[in-house]
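So the structure is just underneath, and the comments pick up after that.
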Amino acid sequence: MDKKFIYFKYPKNIDKRLKELKTRPPDYWLNLGKKQIDRLVKFTIETTPAYKQFLKENGINYREITGFRDLAKLPIMNKNNYLRQYPYQQLYPNENLNLTTISATSGSTGEPFYFIRGENLDEQGLYVLETAFLNQWGINKFNTLVILSFGLGIWIGGLHNYYVYYRLSEKYPLTVAPIGVNKELILKTFQKLSFYYDQIILVGYPPSVKDLVDEAVSAGVQFKKFKIRILNAAESFPESFRKYIANKVNLENMLNDNINIYGTVELGTMAHETAFSNLIRHIAVEKDKVFRNLFRDATRTPTLAQYHPYIVWFEEKDGLILASGHGDSIPILRYSFPDYGGVIYFDEMIKRLKEVGIDIFKESEKLKIKDKILKLPFVYVYERSDFTVSLFGIILYPEYIRQALLKSELQKYITGKFTMQVVYDKNYNQKLHIHIEMKKNIKPAFKLKERIKKEVVNSLIKHSTEYNHLYSTASEKYKKQLEPEIFLHPYEDPIYFKAGIKQKWVIK
C-alpha cells in the first residue's frame, strides 16, 4: 500500500487544462476522482493509526478494503465520532505534525479544533480559483485589485485566500489588499485605489459584502465607473440577494460576476458557483417543476456549485453531503460537515433539465455564457443538519445562548427555553433574533431584555472566536448589527413555546 500519498498535481499548462475542463467528457473527471480515492483509501489505512482503529471499532476488516469500489462500505465520520474520539497525533499520516500552517474552527462547545496543514491544500485552492477567475473574470487580461475582507487570523478563510491571490499575483496583473473585517478601511482603500485598476474583486461573507456596498453607495461611490466582481463564502443567499447586489454595484452579468464558494477548514476550497450553475439555479427558482426535479428534498433554495472530483469527492447519503479528500492535513473519508444537500453529475443534470423542458445549452447561449461551461459535477447545499445558524459567516450554536440564560439572576424570570433564527430585513441586512419564554405570571420588561442581550453578547464573545474577532474590531454601528434582538414571550406561547411538543431551538 501507499506510504506516500500522491497529491493533486498542479497542471503545467493551466490554459490547456481550462480548455480540457470544457471539452473532455464529464466521465473523464469522475474517473480521475475515483483513481484518487483509490489512492486515498489505501494511504489512509496504511499510515493513519486513528483510521485503522475507527474501522476496527465499526466492525470493518481494513485488509478487505481495496479502494473506491469499497467506499460505500466505510463508516461515516464527523468531528465527534472521529476527530475528537482518537489521540490527536494519530489522526495524521505517520503521526506527522511537522506541517506549515495551523487553522482552527469552533465546535458546539466553542472549543476550537485545530487542523495542522501543509501547502497542498493551498495549492488545490489556487488551482480551483485560478481556473474560475480565468474562465469568468479574465484575470490574465485585466489589471485586477482583490479586496479581501475575510477575518485574518487562525481561521482558514483569510489566510488561505491571501495565499491564493498572492500566488496569482506572481502570474497575472493582480494586486491583493488583505484588509480583513475593518469596513472603514476597506471603503477607504476602495475609494483611494480602485481607479487605478480595470476590475475589482470584492471577497467576503455575503452580509459583510452587502454592508460594504450599502455604505459605499451612501458615501457617494459610483459603482457604474468600475468593473466589479464579487466572491462570497461561508453561507448561502437567495437569488433576490444576488439581484440586489447586482443592481447596487452595476454588475455586467449577475450570473457571471457574483459567485459563492463552498469551503471548509477540513478541505479548504471544495466547490464554487459558476455562471452555468447560477443560470441553472436561477431557472429553478423561477420554475417550481425545475426546482423539484433538481433539488428533490431541499426545503430552501440551495447553493449550487461545481467541483473537481479529483480534489474532493462528494457523495450524498440520506440527504447529507459526504466528502472525501486530503488537503495535506487530516485525511478524511466520507466526512459529514454536516450539511443537507446532494450531488448531481454533469450528464445527469442535463438529463433532469431536459425532463422538464429546459435546453440549458440554448439558455446559456442566450446569456452569452455557453463558452464558460465546465463539464464538472454539481454539489448543492441548502442547510446545516445540526442545530446552528449562520450570522455573517459565523456558525452559532444554541449552547452559546443556553450558557447566557443560565445566569442565576435571569433564572427567576425565564424558563430557559428559547428559539433563535437569523432573519433578513427588506434591505437584506442580517439580524439574530432570539425568542425567550418567560415564567408563569412574569411580564416582559425593557431592562430585562437589555440584561439578556448583554449576557448573550458576552457568551458569544467568550465561546466563539470568530464572533469575538468580528465584534471586537467592529465600529459601533456594526456592533449594533451583530448584537441579537431579544423577544420575550409569555409562558407556553402558542407560536414559539407550545405545550406538549419538543422545543425547537433553531428556526431555519
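Any idea what diffusion coefficient segment 391-489 gets from Stokes-Einstein, in µm²/s, Kirkwood Rh on alpha carbon pairs, 4 °C, 1.567 mPa s? Estimated diffusion coefficient is 93 µm²/s.
The order of Thr269, Thr264, Thr66, going from fewest to most other C-beta atoms within 10 Å of their C-beta, is Thr66, Thr264, Thr269. Sparse packing (at most 15 other Cβ atoms within 10 Å of the Cβ) combined with a DSSP loop state is found for the following trypsin sites (Lys or Arg not before Pro) in segment 400-453: Lys407, Lys412, Lys426, Lys439, Lys440.
If I stretch the segment between Lys192 and Asp297 completely, what's the gain in nm (0.36 nm per residue apart, minus their alpha carbon distance), one decimal? Show your work: numbers first, answer last.
Details: separation 105, 0.36 × 105 = 37.80 nm, distance 4.73 nm.
Once the chain is fully extended between Lys192 and Asp297, it gains 33.1 nm.
Coupling constants for segment 300-317 follow from the phi torsions by the Karplus curve (6.51 cos²θ - 1.76 cosθ + 1.60, θ = phi - 60°), and in residue order they are 7, 5, x, 6, 10, 10, 10, 9, 9, x, 8, 10, 10, 9, 9, 8, 10, 9 Hz; glycine and proline get x. Here the residues Trp137, Trp155, ranked from fewest to most Cβ neighbours within 10 Å of their Cβ, fall in the order Trp137, Trp155. Ranked by how many other Cβ atoms sit within 10 Å of their own Cβ, fewest first, the residues Lys171, Lys375 fall in the order Lys171, Lys375.
Past 19 Å, Cα to Cα: identify those pairs from Lys479/Lys508; Lys407/Lys462; Lys453/Lys479; Lys407/Lys480; Lys407/Lys449; Lys183/Lys248, in the order given.
On the way: Lys479/Lys508 23 Å; Lys407/Lys462 15 Å; Lys453/Lys479 12 Å; Lys407/Lys480 23 Å; Lys407/Lys449 14 Å; Lys183/Lys248 17 Å.
Checking Cα-Cα distances, Lys479/Lys508; Lys407/Lys480 exceed 19 Å.
What the phi angles of segment 405-421 give under the Karplus curve with 6.51, -1.76 and 1.60, with θ = phi - 60°, is a coupling list of 7, 7, 4, 4, 6, 9, 5, 6, 10, 10, 7, x, 7, 7, 9, 10, 7 Hz, glycine and proline written as x.
Please give the calculated 222 nm ellipticity per residue for the chain, where each DSSP H segment of at least 4 residues contributes -39500 (n - 2.57) and the sum is spread over every residue; nearest 500 deg cm²/dmol? Walk me through the numbers before you get to the answer.
Details: 18 runs with 193 residues, N = 508.
My calculation for the chain gives -11500 deg cm²/dmol from helical runs alone.
Centre-to-centre separation between the Cα atoms of segment 210-246 and those of segment 429-472: 29 Å.
What shape does segment 289-389 take by its C-alpha gyration tensor, where a ≥ b ≥ c are the square roots of the eigenvalues and a/c under 1.5 counts as rounded, a/b above b/c as prolate, and the rest as oblate?
Details: a/c = 2.40, a/b = 1.48, b/c = 1.63.
Oblate, since a/c reaches 1.5 and b/c is not below a/b.
Across the chain, C-alpha contacts under 8 Å between residues 6 or more apart give a mean separation that, scaled by the residue count, equals a relative contact order of 14 percent.
When the convex hull of its Cα atoms is viewed from all sides, the chain shows a mean projected area of 25.0 nm². Around the amide H of Ile394, modelled in the peptide plane, lies no amide H under 5 Å away from a residue 5 or more places distant or on another chain. Here the Karplus relation 6.51 cos²θ - 1.76 cosθ + 1.60, evaluated at θ = phi - 60°, turns the backbone of segment 365-373 into coupling constants of 5, 4, 9, 6, 10, 4, 6, 9, 6 Hz, with x for every Gly and Pro. Rounded to the nearest 5, the antiparallel percentage of DSSP beta bridges internal to the chain is 60%. Calculated translational diffusion coefficient of segment 220-338 (10 °C, 1.306 mPa s; Stokes-Einstein with Kirkwood radius over alpha-carbon pairs) equals 100 µm²/s. The loop-placed trypsin sites (Lys or Arg not before Pro) in segment 63-109, going by DSSP, that have at most 13 neighbouring Cβ atoms within 10 Å of their Cβ come out as Arg84.
Counting Lys and Arg as +1 and Asp and Glu as -1, what is the net charge of the other residues whose Cβ lies under 15 Å from the Cβ of Asn61? Counting the neighbours of Asn61, the net charge comes to +1. Straight-line reach from Lys171: taking Cα to Cα under 20 Å and skipping same-chain neighbours fewer than 8 places apart, the aspartates and glutamates in range are Asp15, Glu119, Asp122, Glu123, Glu130, Asp198. Over all other residues within a Cβ to Cβ distance under 13 Å of Leu21, the charged ones net out to +3, with Lys and Arg as +1 and Asp and Glu as -1.
Readers should treat all values here as calculations from the given coordinates under stated rules, not as data from a laboratory. Remember, it's a predicted structure, so these values are computed and weren't measured experimentally. Neighbour counts run over all protein chains shown; Cβ positions are idealised from the backbone, glycine included.
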